[in-house]
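K.L.:
This is the structure, below, for whatever I ask next.
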Number of protein chains: 2
Amino acid sequence: MAGHTTDHILYYWEDLLPGSERDLGTITPTREEIIAFASQFDPQPFHLDDAAAKASVFGSLCASGWHTCAMAMRLMVTNFLHQSSSLGSPGLENLQWKKPVLPNDTLHLKHKIIDSRPMRSKPDVGLVRTEWHMHNQHGDLVLHMEGWSMFRRRHPASNNASSD
Amino acid sequence: MAGHTTDHILYYWEDLLPGSERDLGTITPTREEIIAFASQFDPQPFHLDDAAAKASVFGSLCASGWHTCAMAMRLMVTNFLHQSSSLGSPGLENLQWKKPVLPNDTLHLKHKIIDSRPMRSKPDVGLVRTEWHMHNQHGDLVLHMEGWSMFRRRHPASNNASSD
């Protein structure tokens, strides 16, 4: 990881093989955390107030979708990116909030590498396409994300004909 | 908005016409806010520490991409959704972090309605496809998002042949 020694890097681009899956652990937001995030970033009534939430399309107080993404990122960083040669991501091509996240739900994140290719313009960098799935304790999918990320290569290409 | 009286609703589905644009205001994250968000949700060194950030691909301390999204959401809620009949969003089809967000950047959000259609399964709901662009004070695009959202209709359809 940039700014760190490389001693802790377990996963370079070459180690992230298409088809491989990883368990990235669980996180359990409290009611207070859900309200604190929403108060700052997404103050819609169904994220803040029980009565308003009960009368809303969601039926009960639930987390901001951006809070759900932020919790997934926390698991990703702690349980994967910190051990990798990650160089960040240009974005996501698909982000779906499938079910509301409720207070004290236990959210379980997994990711799967679905594609990989060298980066032509940077011989020491490779691209990886990843799918993330986060399920709650009932087995319901709550979040799906998909996109490309950049990782430093263990062995830079000397001559690389692939496209970016 | 669900759970509120409808007195404050200025924008129903019918009012969100393709081609219309809205200025959703500005937000300026401090260094302390950037570090606080990253400490909780995205503790990568380039979001937390100046020396690590300087040695990273970013070159200086910058906000988590998820913090940038959360700030855009805050502007969206305060300056638009609170005055609308919003029923939430199933997700985004495109999310791009185009440039790093630095401490004390002034971020300016605009959105544009690019498509609109009724929702067949729910005669009182319509769908709107929106593009969001957030620029910094130098005019650089920092965030682009695109996706569908649901809004309650002012006049429910009596007979609607459009698809979902």
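The values are calculated or read from the model by the stated rules, or taken from the named source; none is laboratory data. Predicted model, so just to flag it, every value in this text is computed and none were measured. Here Cβ is always computed from backbone atoms with ideal geometry, including for glycine, and neighbour counts include all displayed protein chains. For the accessible areas, the whole protein counts, side chains as well, though only heavy atoms, and no ligand, DNA or RNA atoms are used. Shrake-Rupley method; radii C 1.70, N 1.55, O 1.52, S 1.80 Å.
K.L.:
Select from the range B:54-74 the residues that are within 15 Å of A:Ser64 (Cα to Cα), open to solvent by less than 10 Å² (accessible area, probe 1.4 Å) and either touching a Leu at 6+ places or on another chain (Cβ under 9 Å) or basic (Lys, Arg) (or both) and list them in ascending order.
P.N.:
Across the range B:54-74, the qualifying residues are B:Thr68, B:Cys69, B:Met71, B:Ala72.
K.L.:
Separate question: Yes or no: B:Thr26 open to solvent by 60 Å² or more (accessible area, probe 1.4 Å) and more than 26 Å from A:Met150 (Cβ to Cβ)? It would help to see each step written out before you state the result.
P.N.:
On the way: open to solvent by 60 Å² or more (accessible area, probe 1.4 Å): yes; more than 26 Å from A:Met150 (Cβ to Cβ): yes.
Against the criterion (open to solvent by 60 Å² or more (accessible area, probe 1.4 Å) and more than 26 Å from A:Met150 (Cβ to Cβ)), B:Thr26 qualifies.
Residue-by-condition table, conditions (1) of a type in the set (S, T, N, Q); (2) buried (at least 17 other Cβ atoms within 10 Å of the Cβ); (3) closer than 19 Å to B:Ile27 by Cα:
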residue	(1), (2), (3)
B:Gln96	yes, yes, yes
B:His111	no, yes, yes
B:Ile114	no, no, no
B:Lys122	no, yes, no
B:Val125	no, yes, no
B:Val128	no, yes, no
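K.L.:
Would you please name the residue that is nearest to B:His138 (Cα to Cα), looking only at residues in the range B:82-122 that are among the hydrophobic types (A, V, I, L, M, F, W, C), in a strand (DSSP E or B) and within 11 Å of chain A (Cβ to nearest Cβ)?
P.N.:
The qualifying residue nearest to B:His138 (Cα to Cα) is B:Trp97.
K.L.:
Hey, among the residues in the range B:45-64 that are modelled with pLDDT of 95 or more and either under 18 Å from A:Ala72 (Cα atoms) or touching a strand residue (DSSP E or B) at 6+ places or on another chain (Cβ under 6 Å) (or both), which one's farthest from the other protein chains (Cβ to nearest Cβ)?
P.N.:
Out of the qualifying residues, it is B:Ala63.
K.L.:
In the range B:3-26, which residues are touching a residue at least 24 places away in the same chain (Cβ under 8 Å) and either at the interface with chain A (Cβ under 10 Å from one of its Cβ atoms) or of a type in the set (Ser, Thr, Tyr) (or both)? Give the derivation first.
P.N.:
Of the residues in the range B:3-26, the ones touching a residue at least 24 places away in the same chain (Cβ under 8 Å) are B:6, B:8-26.
B:Thr6, B:Tyr11, B:Tyr12, B:Ser20, B:Thr26, listed by residue number.
K.L.:
Can you spot a residue in the range B:2-19 that is acidic (Asp, Glu), surrounded by fewer than 22 Cβ atoms within 10 Å (Cβ to Cβ), modelled with pLDDT under 95 and touching a strand residue (DSSP E or B) at 6+ places or on another chain (Cβ under 7 Å)?
P.N.:
Within the range B:2-19, not a single residue is acidic (Asp, Glu), surrounded by fewer than 22 Cβ atoms within 10 Å (Cβ to Cβ), modelled with pLDDT under 95 and touching a strand residue (DSSP E or B) at 6+ places or on another chain (Cβ under 7 Å).
K.L.:
I would also like to ask the following. Confirm whether A:Ala36 is at the interface with another protein chain (Cβ under 8 Å from one of its Cβ atoms), aliphatic (A, V, I, L, M) and over 17 Å from the mean Cα position of the chain (by Cα). Walk me through how you get there before you give the answer.
P.N.:
Details: at the interface with another protein chain (Cβ under 8 Å from one of its Cβ atoms): no; aliphatic (A, V, I, L, M): yes; over 17 Å from the mean Cα position of the chain (by Cα): yes.
Answer is no for this residue.
K.L.:
Moving on to the next point. Which condition does A:Asn136 not pass, out of (1) within 13 Å of chain B (Cβ to nearest Cβ); (2) touching a residue at least 24 places away in the same chain (Cβ under 8 Å), if it passes all the others?
P.N.:
Of (1) within 13 Å of chain B (Cβ to nearest Cβ); (2) touching a residue at least 24 places away in the same chain (Cβ under 8 Å), only one is false for A:Asn136: (1).
K.L.:
Assess whether A:Met145 counts as being modelled with pLDDT of 95 or more, part of a helix (DSSP H, G or I) and among the aliphatic types (A, V, I, L, M). Show your work before the answer.
P.N.:
Values: modelled with pLDDT of 95 or more: yes; part of a helix (DSSP H, G or I): no; among the aliphatic types (A, V, I, L, M): yes.
No; evaluated as a whole, the condition is false for this residue.
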